[in-house]
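Written below as structure tokens is the structure these notes are about.
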Amino acid sequence: MQITLLDYGAGNVRSVRNAIRKLGYTVQDVQSPEDIVTAEKLIFPGVGSFGLVMTRLQERGYIEPLKKRISENKPFLGICVALQALYEGSEESPGISGLGIIPGQVVRFSDKAYSVPQIGWNGIKLQKDSALLNGYKNEKLYFVHSYHAKVENTGPEWLLAVTDYGREFVSAVERGNISAFQFHPEKSGAAGLKILGNFLAQGTGIPLIFTQKPANQPEETKIAKRIIACLDVRSNDHGDLVVTKGDQYDVRHEGEVRNLGKPVELARRYYEEGADEITFLNITGFRDYPLQDQPMLEVLERTSENVFVPLTIGGGIREFTDAAGKTSTSLDVASAYFRSGADKVSIGSDAVYAVEDYLRTGEKTGKSAIEQISVVYGAQAVVISVDPRRVYVHSPKETVHATIATASPGPGGEQYCWYQCTVKGGREGRDVDVVQLVKSCETLGAGEILLNCIDRDGTNSGFDLELINLVKQSVSIPVIASSGAGRASHFVDVFQGTSTDAALAAGIFHRKEVTISEVKDAVSAVGIVTR
Ligand code: 1PR
């Protein structure tokens, strides 16, 4: 059977395409409004902001055909914003109408105790029996969104599943052949592929059993703390693209770039071992022309064929002019990465420059990479990779920057430090501290912080909890703790000692010193929720 995909040119639709192919079906794209009505099965992956999705549908003349298809009860699966599009509108894009199939407005998460966007693996509680959830066993599924549909607007004829995140929200709807999920089945590992496979199999003669609500459904679903594997990628001196790893950002050993493996193969290994997310950092992106750096696009394309958890790519997300004088915007660069299979892009050096401008003028220009990409693809697609380094002082009065009293004094016995942000892979310190950086980036529209620490990178001495607490108390977007993991207990320390949303490691996984499941076992043994 052919599956028809509604791709309106925003975000990562490659993953859905790859997942459908992996499940043994062929994919064709909607070419004209008529295709929406006549397609045997239609999948509508909602990527981008609510306003962008509805505007693109409007421009292409897809709104009425979608309403017709739904009213005729022809098989339809909406994902993420496509679930929200079934409602009348959204706080995200005031004045823009949704499809209005289900009454009410989609609203923003507002509980201050929870990071917004919700990024990560959460459960679902089934509200009725459904063949779509055939074989579902309470596994966690991947969510990434700041806005949600309200349970009270969604009558029992539609409500299929709810999830808790500060409040109960709608995580799946189903009426007849019309279904939509707030979670991403194509990014939810084996459990997600199973659910997607059920939708694809419906009506093909493959037997599906109506899943009863599992007896052991949780009272309240809980988001898992994510464990992320990070691959620092660059070309070595022989021109091979390798995964490397630095000691405090120095990736050379005896003059050679350390070579810890091939990016696509390693990413696949981490997916199979249970990584909740995979991050690629093109660590020389600041000096390359990213769009000419085809290997990274190819790495993403090939990885997304077999890896069904979120992929982040960083390095070189900025405006640049190539040797032939052609200028590409940061949005062009990000769009190329999304089309190649990335779910999020991570911005390093360019975020520091944007924040310097913002602090100088106090004005948002709308021109920074952060602003441009988050307006089009949503805040949840924009990660800021921060490369801070400690600067020790004897007294907070010695600096205008945000200091902390530290339990790890400096070389001269200094009891205080501040964290200086750097650019170009730690090569250049700037007059911006980490608190200024993360707060400003949140204001400019970033959706997540990847918090490295040059002092701890590659040292195996544990995460810098003081830094992580400082950043967590400064922002409400999710934070990924990075740098310094040397053993499984360091993950326990970071989740018990801070409220970080995720923890990332590189060296210990590459060198096979600790596996991802050992980390998860250690963390869940002390009662912390993992996938
Ligand atoms: O500035 O937007 O082009 O982005 C460049 C990106 O490359 C940034 O995200 C920056 O962090 C990264 N980067 C640049 N140079 C290096 C380097 O190592 N020489 N790597 C580098 C950063 C840090 C982490 C690392 C953790 C965990 N690597 O990603 O994986 O510290 O390591 P560990 O568990 O082994 O301690 P732009």
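The values are calculated or read from the model by the stated rules, or taken from the named source; none is laboratory data. These figures come from a predicted structure and were not determined experimentally. Neighbour counts are summed over all protein chains in view; Cβ atoms, including those assigned to glycine, are modelled from backbone coordinates with ideal geometry. The area values use the complete protein model at the heavy-atom level, side chains included, leaving out ligands, DNA and RNA. Shrake-Rupley method; radii C 1.70, N 1.55, O 1.52, S 1.80 Å.
Condition test on D247, is it within 11 Å of the ligand (Cβ to nearest atom), of a type outside the set (G, A, S), assigned by TED's automatic domain parsing to the domain that holds A334 and more than 19 Å from the chain's Cα centre (by Cα)?
On the way: within 11 Å of the ligand (Cβ to nearest atom): yes; of a type outside the set (G, A, S): yes; assigned by TED's automatic domain parsing to the domain that holds A334: yes; more than 19 Å from the chain's Cα centre (by Cα): yes.
Yes.
Scan region 111-133 for residues that are open to solvent by 20 Å² or more (accessible area, probe 1.4 Å) and more than 25 Å from the chain's Cα centre (by Cα) and jot them down.
Hits for region 111-133 are Q127, K128, D129.
Would you confirm whether or not region 240-250 contains a residue that is in contact with a His (Cβ under 7 Å, 6 or more places away or on another chain) and aliphatic (A, V, I, L, M)?
The answer is yes; a qualifying residue exists.
So which pairs qualify, if the first residue must be in region 339-353 and under 16 Å from R427 (Cα atoms), the second must be open to solvent by 20 Å² or more (accessible area, probe 1.4 Å) and assigned to a strand (DSSP E or B), the Cβ gap must be under 6 Å, and the two must be at least 6 apart or on different chains?
Sorted first by the residue in region 339-353, then by its partner, the pairs are V352/R430.
Being within 16 Å of the ligand (Cβ to nearest atom), among the hydrophobic types (A, V, I, L, M, F, W, C) and either in a strand (DSSP E or B) or at pLDDT 95 or above (or both), is that true of even one residue in region 207-228?
yes
Take the residues in region 185-206 that are at pLDDT below 95 and among the aliphatic types (A, V, I, L, M), then tell me which one is least open to solvent (accessible area, probe 1.4 Å).
A201
Looking at T365, T303, T312, which one is in contact with a strand residue (DSSP E or B) (Cβ under 7 Å, 6 or more places away or on another chain), away from the ligand (no atom under 15 Å from the Cβ) and not aliphatic (A, V, I, L, M)?
Answer to the selection: T303.
On the given criteria, is K128 in a loop (DSSP other than H, G, I, E, B), among the charged types (D, E, K, R) and farther than 28 Å from P75 by Cα? Let's see the steps before the verdict.
On the way: in a loop (DSSP other than H, G, I, E, B): yes; among the charged types (D, E, K, R): yes; farther than 28 Å from P75 by Cα: no.
For K128, the condition - in a loop (DSSP other than H, G, I, E, B), among the charged types (D, E, K, R) and farther than 28 Å from P75 by Cα - is not met.
Identify all residues within region 501-524 that are away from the ligand (no atom under 11 Å from the Cβ) and either surrounded by 16 or more Cβ atoms within 10 Å (Cβ to Cβ) or touching a residue at least 12 places away in the same chain (Cβ under 8 Å) (or both); write none if there are none. Outline the logic, then answer.
In the first step, residues of region 501-524 are kept if they are away from the ligand (no atom under 11 Å from the Cβ); the result is 501-502, 512, 515-524.
Listed by number, the residues that qualify are D501, A502, T515, I516, S517, E518, V519, K520, D521, A522, V523.
Residue-by-condition table, conditions (1) open to solvent by 10 Å² or more (accessible area, probe 1.4 Å); (2) more than 9 Å from the ligand (Cβ to nearest atom); (3) under 19 Å from V391 (Cα atoms):
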{"residue": "G445", "(1), (2), (3)": "yes, yes, no"}
{"residue": "L450", "(1), (2), (3)": "no, no, no"}
{"residue": "C453", "(1), (2), (3)": "no, no, yes"}
{"residue": "N460", "(1), (2), (3)": "yes, no, no"}
{"residue": "E466", "(1), (2), (3)": "yes, yes, yes"}
{"residue": "P478", "(1), (2), (3)": "no, yes, no"}
{"residue": "V492", "(1), (2), (3)": "yes, yes, no"}
{"residue": "F495", "(1), (2), (3)": "yes, yes, no"}
{"residue": "S499", "(1), (2), (3)": "yes, yes, no"}
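Within region 250-272, can you find the residues that are part of a loop (DSSP other than H, G, I, E, B) and either within 9 Å of the ligand (Cβ to nearest atom) or within 19 Å of the chain's Cα centre (by Cα) (or both)?
Matches in region 250-272: V251 only.
Going by the conditions given, is T403 within 16 Å of the ligand (Cβ to nearest atom), in the same structural domain as V352 (by TED's automatic domain parsing) and among the hydroxyl-bearing types (S, T, Y)?
No, not satisfied.
Report yes if Y289 is open to solvent by 20 Å² or more (accessible area, probe 1.4 Å), closer than 27 Å to R389 by Cα and away from the ligand (no atom under 15 Å from the Cβ), otherwise no.
no
Going by what's in this entry, would V243 be described as more than 26 Å from K74 (Cβ to Cβ), of a type in the set (A, V, I, L, M), open to solvent by less than 20 Å² (accessible area, probe 1.4 Å) and without any contact (Cβ under 8 Å) to a residue 40 or more places away in the chain?
Values: more than 26 Å from K74 (Cβ to Cβ): yes; of a type in the set (A, V, I, L, M): yes; open to solvent by less than 20 Å² (accessible area, probe 1.4 Å): yes; without any contact (Cβ under 8 Å) to a residue 40 or more places away in the chain: no.
In short, no.
When you scan region 101-132, how many residues do you find that are more than 24 Å from I477 (Cβ to Cβ) and touching a helix residue (DSSP H, G or I) at 6+ places or on another chain (Cβ under 8 Å)?
So the count comes out to 7.
Taking E139 and the conditions (1) closer than 16 Å to L193 by Cβ; (2) part of a loop (DSSP other than H, G, I, E, B); (3) open to solvent by less than 40 Å² (accessible area, probe 1.4 Å), which numbered condition does it fall short on, given that it satisfies the others?
Result: E139 passes all but (3).
Can you find a residue that is under 16 Å from D501 (Cβ atoms), outside any strand (DSSP E or B) and more than 14 Å from the ligand (Cβ to nearest atom) anywhere in region 406-421?
no
Report, by residue number, each residue of region 423-435 that is surrounded by fewer than 23 Cβ atoms within 10 Å (Cβ to Cβ) and in a helix (DSSP H, G or I).
V435
Among the residues of region 87-110, count how many are open to solvent by 40 Å² or more (accessible area, probe 1.4 Å), touching a strand residue (DSSP E or B) at 6+ places or on another chain (Cβ under 7 Å) and farther than 16 Å from G46 by Cα.
Total satisfying the criteria: 3.
Identify all residues within region 284-317 that are within 19 Å of the chain's Cα centre (by Cα) and either on the phi > 0 side of the Ramachandran plot or of a type in the set (D, E, K, R) (or both); write none if there are none.
E301, R302, E305, G315, G316
Would you pick out the residues in region 292-312 that are open to solvent by 10 Å² or more (accessible area, probe 1.4 Å) and either part of a loop (DSSP other than H, G, I, E, B) or more than 28 Å from T515 (Cβ to Cβ) (or both)?
Of everything in region 292-312, those that are open to solvent by 10 Å² or more (accessible area, probe 1.4 Å) and either part of a loop (DSSP other than H, G, I, E, B) or more than 28 Å from T515 (Cβ to Cβ) (or both) turn out to be Q292, D293, Q294, L297, E305, N306.
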